[in-house]
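Remarks on the structure that follows.
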Amino acid sequence: MSAPRPATILHTSDVHLDRDDGGRHQQAFAAAIDLAIELDVDAVFVMGDLFDHARVHDEILTWTADQLDRLERPVVLLVGNHDALHDQSVHHRFEAASRCKDVLFLDDPDGSVVEVPGTDIVVWGRAMVEHEPAYRPLAGSVPRREGAWNVVAAHGLIMDDEGETYRSSPIYPGELDGLDCDYVALGHIHAHRVVRTTPLTCYPGATASSRDGKAGCVIVEFVPGEGAALRWVPLLAD
């Protein structure tokens with residue numbers, strides 16, 4: 001079987017649009033969109049908390065759709081604890097799959113797989129309904145698909161101790177050990193962190209305050225014969 005084609009993605013999370021901060025979170029997200037276009041990435045991954053709460057103003061929903069549409073490339077969207085798919089979720093109003101041109105929404109609580117158009121990337125992820133200890137972001141992940149770049153998407157908390165059971169949306173070391181994929185795209189922690197290198201597992205950090213309080217995101221390159229590699233990129237001049 002032939003090797004998958006090279007690909008590049010922009011990975012961000014915890015965008016928190018409509019947070020009361022004078023517009024900084026919107027500015028950072030717009031800058032991420034600008035960077036994705038400038039670098040001509042193949043796709044953008046937003047790994048949870050695109051929105052800050054369920055009461056997002058309608059004008060922000062319209063603005064967000066416009067930002068995603070001007071990308072003119074696929075967007076893989078996962079929900080987080082701030083915009084989880086419970087009955088009051090903002091996503092019931094946003095309706096990304098019908099409102100936006102190129103959004104691939106991982107909205108199945110049991111987990112689903114999307115193929116990113118124009119690439120050899122396949123992504124598995126579980127939608128969060130409630131942020132609680134019983135929700136396990138990696139439960140039910142699927143086996144590797146040969147001839148593709150395999151990405152696992154998750155919004156949750158990396159745990160150091162397998163015995164800690166009181167935290168919500170936990171991801172345990174043994175669960176990461178069991179993954180056969182090229183990249184684990186995380187959301188939830190606001191500080192950029194490379195969790196491990198095998199498989200390459202990363203929190204990009206919150207878009208508006210990713211590293212040392214500075215706005216940023218990560219660019220991930222998938223290279224045949226080498227695997228995935230990433231670099232952190234700033235977004236706003238502070």
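With N as its number of residues, the chain has a Cα radius of gyration that, divided by 2.2 N^0.38 Å, comes to 0.93. When the chymotrypsin sites (Phe, Trp or Tyr not before Pro) in region 96-173 are filtered for DSSP coil states and for at most 14 other beta-carbon atoms within 10 Å of their beta-carbon, the remaining sites are Tyr166. Panel order for Met159, Met128, by other beta carbons found within 10 Å of each beta carbon, from fewest to most: Met159, Met128.
When each of the peptides 206-218, 19-31, 136-148 is scored by how many other beta carbons lie within 10 Å of its residues on average, the order from highest to lowest is 206-218, 19-31, 136-148.
In terms of surrounding Cβ atoms within a 10 Å radius of their Cβ, His92, His53, His192, His11 rank from fewest to most as His92, His53, His192, His11. Taken about its Cα centre, region 13-69 carries a charge dipole of about 160 debye when Lys and Arg each add +1 at the Cβ and Asp and Glu each add -1 at the Cβ.
Bear in mind that the values in this text are calculations on the coordinates, not laboratory data. What you see is a predicted model, and the numbers here were worked out from it, not measured in a lab. Please note: Cβ atoms are built from the backbone with ideal geometry, for glycine as well, and neighbour counts cover all protein chains shown.
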